[in-house]
Amino acid sequence: MKQVNMNRNERRQMRHKRVIKKIRRIDNDRPVMIVVKSNSHISAQVWDFNQNKIIASSSSVSLDLVNGNKENAAVVGTDIANKLLKMKIDEITFDHGGSKYHGRIAALADAARKAGLKF
């Protein structure tokens, strides 16, 4: 049932719970790419639950990009995809957290797909 009187943070938390539930139900053996965005930057890291560690990461801060707009999100997506392909990992699960799959998140995901990742 859709609740009308929810603020933005509550809606984000509900979306995040849905995404986590799908990830746990479908793909338990794949590494998970977790994307986090702030007002000024965007970052992505790949977590391997079997090894219990982060195997790759990239962000607009580490790449010395001025902000986290769509173009820079695409640069971050291709960078992390290239890092994963060097490790011979081509299938991952995408976790966009509580953020909508739109704008910067979608640009990062599309760039990672174009670079050769499957999710």
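The values are calculated or read from the model by the stated rules, or taken from the named source; none is laboratory data. What you see is a predicted model, and the numbers here were worked out from it, not measured in a lab. In this analysis, Cβ positions are derived from the backbone assuming ideal geometry, glycine residues included, and neighbour counts consider all displayed protein chains.
Hand me the list of strands (runs of 3 or more DSSP E) wholly inside the stretch 1-109 holding 2 or more residues that are aliphatic (A, V, I, L, M) and modelled with pLDDT of 85 or more. Can you show your working first?
Details: elements: 32-37, 42-48, 53-59, 93-95.
Correct list: 32-37, 42-48, 53-59.
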Can we say residue 49 is within 15 Å of the chain's Cα centre (by Cα), under 13 Å from residue 33 (Cα atoms) and among the aromatic types (Phe, Trp, Tyr)?
no
Do we have any residue at all in the stretch 84-92 that's touching a helix residue (DSSP H, G or I) at 6+ places or on another chain (Cβ under 8 Å) and not aliphatic (A, V, I, L, M)?
yes
So which residues in the stretch 61-78 are more than 10 Å from residue 108 (Cβ to Cβ) and of a type outside the set (Val, Ile, Thr)?
62, 63, 64, 65, 67, 69, 71
What residue, of 64, 29, is closer than 14 Å to residue 119 by Cα and of a type outside the set (Val, Ile, Thr)?
29
In the stretch 44-61, the residues that are within 20 Å of residue 119 (Cα to Cα), β-branched (Val, Ile, Thr) and out of contact with any Pro (no Cβ under 6 Å at 6 or more places or on another chain):
54, 55
For residues in the stretch 100-119 being surrounded by fewer than 18 Cβ atoms within 10 Å (Cβ to Cβ) and in contact (Cβ under 8 Å) with a residue 60 or more places away in the chain, which is nearest to residue 18 (Cα to Cα)?
100
With the first residue restricted to the stretch 85-98 and required to be in contact (Cβ under 8 Å) with a residue 12 or more places away in the chain and crowded, with 16+ Cβ neighbours inside 10 Å, and the second required to be assigned to a loop (DSSP other than H, G, I, E, B) and aromatic (Phe, Trp, Tyr), Cβ contacts under 8 Å at 6 or more apart or on different chains are 92/119; 93/119; 94/119
Report every pair of residues separated by at least 6 positions or lying on different chains whose Cβ atoms are under 7 Å apart, first residue within the stretch 35-64 and touching a residue at least 12 places away in the same chain (Cβ under 8 Å) and of a type in the set (Val, Ile, Thr), second part of a loop (DSSP other than H, G, I, E, B) and exposed (fewer than 14 other Cβ atoms within 10 Å of the Cβ).
55/87
Pairs only if they're at least six apart or on different chains, beta carbon under 8 angstrom, first in the stretch 67-78 and touching a residue at least 24 places away in the same chain (Cβ under 8 Å), second acidic (Asp, Glu) and outside any loop (DSSP other than H, G, I, E, B); list them, first residue then second.
74/110; 77/110
